[in-house]
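Pasting a structure here, questions to come.
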Amino acid sequence: MPDLAGYAFVGFVAALVTAATTPVVRWVALRRGWVVEPDDRRVHARPTPAIGGVAMFLGLLAAMAVAWKMDRFTTLFAGNSEPLGVVLGAAVIFVVGLWDDLRPTSAPAKVTGIVVAGAVLAWFGVTMFYFRVPFAGVVSVGADWAPLVTVIWLLLMANAVNLIDGLDGLAAGIVAIASGTFFLYSQQLSGAGRLEQPNIGPLLAIITLGVCVGFLPHNFNPARIFMGDGGALLLGLMMAASTSVVGGRADPNQAYSGQTYFFLAPLVIPLVILGVPILDTTFALVRRAAGRSRVTMADKNHLHHRLMRLGHGQRRSVLILWLWTALLSGLVLYPTYTGEGDAFVPLGVAALALILYTVLHPEVRRTREESG
C-alpha cells in the first residue's frame, strides 16, 4: 500500500511541475494577448494572464504519471479504471474552463461541459456508494442514481471553487488547506480500516495540494497570473473526485471509536472543510434570486468583496478567509486525531477572536469614520 513518503513525493512533483511551468504559461499568454483587463467587477489593476490552469493541469498529469510508475502505487492503478477516469474527466473540464478563459462561453455551455466531465467520472467508476445522513441512517447510491449524484456533486464543488476565485491567491489557498486536511482525514480513515481499498482519494488530495502550493507563489497578491476558469474548474473536479471516493465509501457499518464525525456524517466532512466557498456560493444564489437577477450574473458582493469594503486590503481579506478555512479544517481533524469531541471550546474562542479581528480591525474603524 502507498505510504506517506510516496504520497509526499507525488505531491512534491505536482508542486514542482506547476511552479516551473507557470512562468512559461504566463510568458505565452502575454505574447498572445490572453489577459484579463481590469473592470468594475474585478479588483486587479493591470492586464493579467488568466490561463494559469494550464500549468496546474500539467502538474496534475506529471504527478499522476509519476505515481503510475511507482511500485508502491501499483495497487491503485492495476486493474482500476478510476485513475484514467479522473485524468479524462479533468481533461474535459479543463478544456471547458480554458475555452471560456480564451473565448467567453455561455453559462449553459459551461454547465454542459461540467456534466460531460461528471459523466466521464461516473463511467469509469469514480462515484460514491453510500453516505450517512445524520440521525436518519445510511443511504445507498444505486447504480441508476450514481451518475446523477456524481454530476450534482461535481457541479457543486466546481462552482464553489470558481465563485471564491475573486482575490489573488484566495481559491488556491483555500483548496490547498482543504485538500491537505482531507488527505490527513482519509489517512485516518484508512488506518482505522474504515475505507474501502484500493482508494485513490488520498492520492488525488495530495496532488491537489501540490498543484495549489506550486501555483500560489505566482498567484498571491500582487498576482502575476490567474488560474482562470480552467484552473478553478479543475480544482473543483479534483476535490469532487477525492471526496466522492473517500466520504462515499467509508464503511457505514463500523463506528470509529470516539469519532462523531466518522460515525454520523463521513460525507459531510468535505462540506465542513470547504465551508467558506460553499457558504459564499449559497449567499450568492440567494442574493441573486432575491434581486431577480440571473444566477450567472457576476457581482462584487462575495465574502471577499465585503471584507474589502470593511477596510481590509486584498492580502488581509485573503488571509482572513484562509484562517476561516483552517479553523473549519481543525474542527474536523481535532476529534479525528485525539478521539475527543470537545474541540468546540478552543476553536470557538479562536473563531470569536477572528470575527473580532475582522470587524474591529483599526482599518475597519478608520474606513467607517471616513465614510461618516
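For the condition of a type in the set (Val, Ile, Thr) and within 22 Å of the chain's Cα centre (by Cα), what is the one hit in VAL35, VAL66, VAL87?
Only one candidate passes the filter, namely VAL87.
Condition first: under 12 Å from ALA90 (Cα atoms) and at pLDDT below 95. Now tell me which residues in the stretch 54-74 satisfy that.
none
Output the number of the condition that ALA15 fails; it satisfies all remaining conditions of (1) touching a residue at least 24 places away in the same chain (Cβ under 8 Å); (2) under 30 Å from GLY193 (Cα atoms); (3) surrounded by fewer than 18 Cβ atoms within 10 Å (Cβ to Cβ); (4) among the small types (Gly, Ala, Ser).
Answer for ALA15: the failing condition is (3).
Suppose the filter is modelled with pLDDT under 90 and buried (at least 24 other Cβ atoms within 10 Å of the Cβ); does VAL246 pass it?
The answer is yes for VAL246.
Need at least 3 residues that are within 21 Å of the chain's Cα centre (by Cα) and without any contact (Cβ under 8 Å) to a residue 40 or more places away in the chain per element, so show me which helices (runs of 4 or more DSSP H) inside the stretch 95-201 make the cut, counting only ones lying wholly within it.
Of the helices (runs of 4 or more DSSP H) lying wholly inside the stretch 95-201, those with at least 3 residues that are within 21 Å of the chain's Cα centre (by Cα) and without any contact (Cβ under 8 Å) to a residue 40 or more places away in the chain span 107-123, 146-164.
Here's a follow-up. Check whether at least one residue in the stretch 76-86 is surrounded by 17 or more Cβ atoms within 10 Å (Cβ to Cβ), outside any helix (DSSP H, G or I), at pLDDT below 95 and not polar (S, T, N, Q), and report yes or no.
Within the stretch 76-86, not a single residue is surrounded by 17 or more Cβ atoms within 10 Å (Cβ to Cβ), outside any helix (DSSP H, G or I), at pLDDT below 95 and not polar (S, T, N, Q).
Right, here's the next one. Take the conditions among the aromatic types (Phe, Trp, Tyr), without any contact (Cβ under 8 Å) to a residue 12 or more places away in the chain and in a helix (DSSP H, G or I) and apply them to TRP68. Does it pass?
Criteria not met by TRP68.
Checking GLY89 against (1) closer than 20 Å to SER186 by Cβ; (2) buried (at least 17 other Cβ atoms within 10 Å of the Cβ); (3) in contact with a Gly (Cβ under 6 Å, 6 or more places away or on another chain), which single condition isn't satisfied?
Here GLY89 clears every test but (3).
The values are calculated or read from the model by the stated rules, or taken from the named source; none is laboratory data. The structure presented is a predicted model; accordingly, all values stated were derived computationally and were not measured. Backbone-built Cβ (ideal geometry, glycine too); neighbour counts: all protein chains shown.
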